[in-house]
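Everything on this sheet refers to the single structure shown next.
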Amino acid sequence: MKIQLPTPLRQYTGGAASVDLAAPTVGAALSALVARYDGLKKHLFDDSGKLRSFVNVYKNDEDVRYLQKEATPVAESDTLSIIPSIAGGSATEVAADAVALSHEEIRRYSRHLIMPEVGLEGQKKLKAARVLAIGTGGLGSPLALYLAAAGVGTIGLVDFDVVDDSNLQRQILFGTGDVGRSKLSAAAARLRDMNPNVNVVTFEKRLSSENALEIFRDFDIVADGTDNVPTRYLVNDACVLTGKPNVYASIFRFEGQASVFWAKKGPCYRCLYAEPPPPGLVPSCAEGGVLGILPGLLGVVQATETIKLILGSGEPLIGRLLLIDALGMRFRELKLRKNPDCVVCGPNPRVTKLIDYEAFCGVVPETTSAPGIPEISVEELKALRDREADFVLVDVREPHEIEISSFPESVKIPLGKLPERVNELSTADEIVVHCKTGGRSAKAVQFLRDAGFKKVRNLAGGINRWAEKIDPTVARY
Ligand code: ZN
C-alpha cells in the first residue's frame, strides 16, 4: 500500500512524496509510518497518541472518518493520503495558527497588516495557503505575480511550454530574454525575485486525468488559467472530486468571464456548461486573437477571488458569472444555479472519476492532422513554386491577416466565404489550400472534397511554417 504525504510533511521523510509499506489497517499503517520516520510522529499524533484533529486520512478517495476510522482495513492496492483539514469559510483556517511572520515579512506586508480585513491573522492565512495555478500564460501570469506579491506561501504552477515571442504581448511573467526558455523555470525565477518568502512548486507536465488528482491533493485552491476546453472540464471534475474551489476565468478577444466553482457551496463548471461545444466552434486565442490587457484584467479578478477565499472574507463569485466586455468596459453578472442533475456535482453523479477529456470534447490532438485530409509540406510547396508548376494556391485567412503575410499569387477566399465563392475554383485544377497554421485550411480542404474537388491538398503548418522553414522574410504571427 502507498501513503501519500502532503508537501509540509515531506521534510520528515527525506523529501519522499509517498511511502510504500504493508499493514492491515489504517492505524497500523500510520504506526508503521511514524516508526520509520520518527520526526513525523509529533505532527500526526498528540501526546496521548491520538491522531491530531487537523490531520485527515483518506483511503483512496474516502475520508476514513466515514469508514471505520483507524480500524479501516487496507489492501495492497489502496492509497492512503494524509490531508491537513480544510475547515470553515477559509480554506486554510487551521493551518494559519502554525505559521509566523519574520520582521522582513512584517515590513513587506505592512499595507496589508494595517487593514483590519487582513491584519496579522489574514497575512498568516495567506502564508499558510497553497494555491495551484494551471497554466502560466496570459491569466496565470498576473495571477501568480499578485499572489506572490501578496504573500501566498505556496504557489504551484503547472505548464510544459517554452516562452515564445508571441507570448510577450500579455504574459507578463516573462521578458524578452526568456524567449526559448522553459516557462516554469522563467516563472519560478521571476516569482522568487518578486517574493523570496514564497515556496514555488513547479509541475513541468501537461495536466492529465492520470496526474490531476495527485497534483491537486496538496493545494487548497485551484485557479484555472488554461485556454482549452478539455483541460477546463478536467480541472472542474478534479476540483469537484477533491472538494477544492476552482477559481475560473476565460478570455477571448475583448471579452472575458470569471466565476468561482465550488461544488460544496455552489455550482460547478458542468452545472453551467454540461456539454462541451463541438470542436472547432470556439476558436482558441491562437486562432482568434486576444487583446493583451484582457487576461491581465481577468487574471487579477482570479487573484482577488483567490485571496478572498483564503481570508474567508467578502462575497466570493460563487454562483455568479462575471462577464467583462473590455471594448464597452461593461461588467455584467449572471446568476448561476447548481444543476440538481449535474453529472459530476449532483446527488447522483455519473462521473465519479476522471475520464478521457480529449475524447469527451471530440478533440483531435493538435500534433496529428485530421484523418483523411491530404497534405503537402512547405518543402514540397517550395519545389512546386520553384518549377512554376501548374497549380492554384488558395489562402483562406481573413483580410487583416493577409496584410501581415501572404503569397502574392494566391487566390484569397476567407474560410467563411468559401461556400458562396467556391465557383471561383475549378475541380480540374491542382489546388493547395493554406491558412496561418493549417487548421482552417484543413476544414477548407474537407469542404472542397465534399464539393467534388479531387486534387486538393492542405499546406501542413500553414504560412507560419513557410516563414519558419523556407522564407524568413515572411512575417510569422
Ligand atoms: Zn455541477
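The values are calculated or read from the model by the stated rules, or taken from the named source; none is laboratory data. Here the structure is a predicted model, which means the values were calculated and not measured. A quick note on method: Cβ atoms are made from the backbone with ideal geometry, for glycine too, and the neighbour counts reach across all protein chains shown.
When Asp97 is tested against (1) more than 26 Å from Lys244 (Cβ to Cβ); (2) of a type in the set (D, E, K, R); (3) at pLDDT below 95, just one condition goes unmet, and that condition is (1). For Gly256, the requirement of being more than 14 Å from the chain's Cα centre (by Cα) and more than 16 Å from the ligand (Cβ to nearest atom) is met. What do you reckon, is Thr176 touching a Leu at 6+ places or on another chain (Cβ under 7 Å) and free of Cβ contacts under 8 Å to residues at least 24 places away in the same chain? Criteria met by Thr176. Kindly evaluate Pro267 against the criterion of being assigned to a loop (DSSP other than H, G, I, E, B), of a type outside the set (D, E, K, R) and either in contact with a Gly (Cβ under 6 Å, 6 or more places away or on another chain) or surrounded by fewer than 24 Cβ atoms within 10 Å (Cβ to Cβ) (or both). Answer is yes for this residue. Residue check: is Val201 under 29 Å from Glu255 (Cα atoms) and either within 16 Å of the ligand (Cβ to nearest atom) or among the hydrophobic types (A, V, I, L, M, F, W, C) (or both)? Criteria not met by Val201. Among the residues of the stretch 140-180, those that are exposed (fewer than 15 other Cβ atoms within 10 Å of the Cβ) and part of a loop (DSSP other than H, G, I, E, B) comprise Phe160, Asp164, Gln169, Gly175, Gly180.
Residues that are under 27 Å from the mean Cα position of the chain (by Cα): list the helices (runs of 4 or more DSSP H) wholly contained in the stretch 351-442 that include at least 2 such residues.
Values: elements: 357-360, 378-386, 399-402, 418-421.
Ranges flagged: 357-360.
Within the stretch 259-277, the set of residues being within 16 Å of the ligand (Cβ to nearest atom), over 15 Å from the mean Cα position of the chain (by Cα) and not small (Gly, Ala, Ser) comprises Trp262, Lys264, Lys265, Pro267, Cys268, Arg270, Cys271, Leu272, Tyr273, Glu275, Pro276.
Could you say whether any residue in the stretch 279-293 is of a type in the set (Gly, Ala, Ser), at pLDDT below 95 and within 16 Å of the ligand (Cβ to nearest atom)? Can you show your working first?
Going through the stretch 279-293, the residues of a type in the set (Gly, Ala, Ser) turn out to be 280, 284, 286, 288-289, 292.
Subsequent filtering for residues that are at pLDDT below 95 retains 280, 284, 286, 288-289, 292.
Checking the rest, the ones that are also within 16 Å of the ligand (Cβ to nearest atom) come to none.
No: the stretch 279-293 contains no residue that is of a type in the set (Gly, Ala, Ser), at pLDDT below 95 and within 16 Å of the ligand (Cβ to nearest atom).
Selection within the stretch 37-65: residues that are in contact with a Leu (Cβ under 8 Å, 6 or more places away or on another chain) and either farther than 21 Å from Glu76 by Cβ or loosely packed, with under 12 Cβ neighbours inside 10 Å (or both). The member of this set that is modelled with the lowest pLDDT is Val55.
Restricted to the stretch 322-360, and to residues that are aliphatic (A, V, I, L, M) and farther than 19 Å from Ser250 by Cβ, which residue is nearest to the ligand (Cβ to nearest atom)? Walk me through it before giving the result.
Just the residues of the stretch 322-360 that are aliphatic (A, V, I, L, M), to begin with: 322-324, 326-327, 329, 334, 336, 343-344, 351, 354-355, 359.
Then drop every residue that is not farther than 19 Å from Ser250 by Cβ, which leaves 343, 351, 354-355, 359.
Working: Val343: 8, Val351: 10, Leu354: 15, Ile355: 15, Ala359: 20 Å.
Among residues in the stretch 322-360 that are aliphatic (A, V, I, L, M) and farther than 19 Å from Ser250 by Cβ, the one nearest to the ligand (Cβ to nearest atom) is Val343.
If I filter the stretch 66-75 down to residues being surrounded by 13 or more Cβ atoms within 10 Å (Cβ to Cβ) and part of a helix (DSSP H, G or I), which single residue comes out as modelled with the lowest pLDDT? Here the answer is Lys69. When the stretch 216-239 is filtered for residues that are within 16 Å of the ligand (Cβ to nearest atom), of a type in the set (A, V, I, L, M, F, W, C) and not in a helix (DSSP H, G or I), only Val222 remains.
Any residue that is without any contact (Cβ under 8 Å) to a residue 24 or more places away in the chain and touching an Asp or Glu at 6+ places or on another chain (Cβ under 6 Å) - is there at least one of those in the stretch 387-403?
Scanning the stretch 387-403 turns up no residue that is without any contact (Cβ under 8 Å) to a residue 24 or more places away in the chain and touching an Asp or Glu at 6+ places or on another chain (Cβ under 6 Å).
Under 6 Å between Cβ atoms, at least 6 apart or on separate chains: pull out the pairs that start in the stretch 412-429 with a residue that is in contact (Cβ under 8 Å) with a residue 24 or more places away in the chain and farther than 17 Å from Glu398 by Cα and end on any residue that is in a loop (DSSP other than H, G, I, E, B) and not charged (D, E, K, R). Cβ pairs passing all conditions: Thr427/Gly452; Thr427/Phe453. Restricting attention to the stretch 307-321, which residues are under 21 Å from Arg270 (Cα atoms) and either of a type in the set (D, E, K, R) or within 16 Å of the ligand (Cβ to nearest atom) (or both)? Scanning the stretch 307-321 gives Leu317, Ile318, Gly319, Arg320, Leu321.
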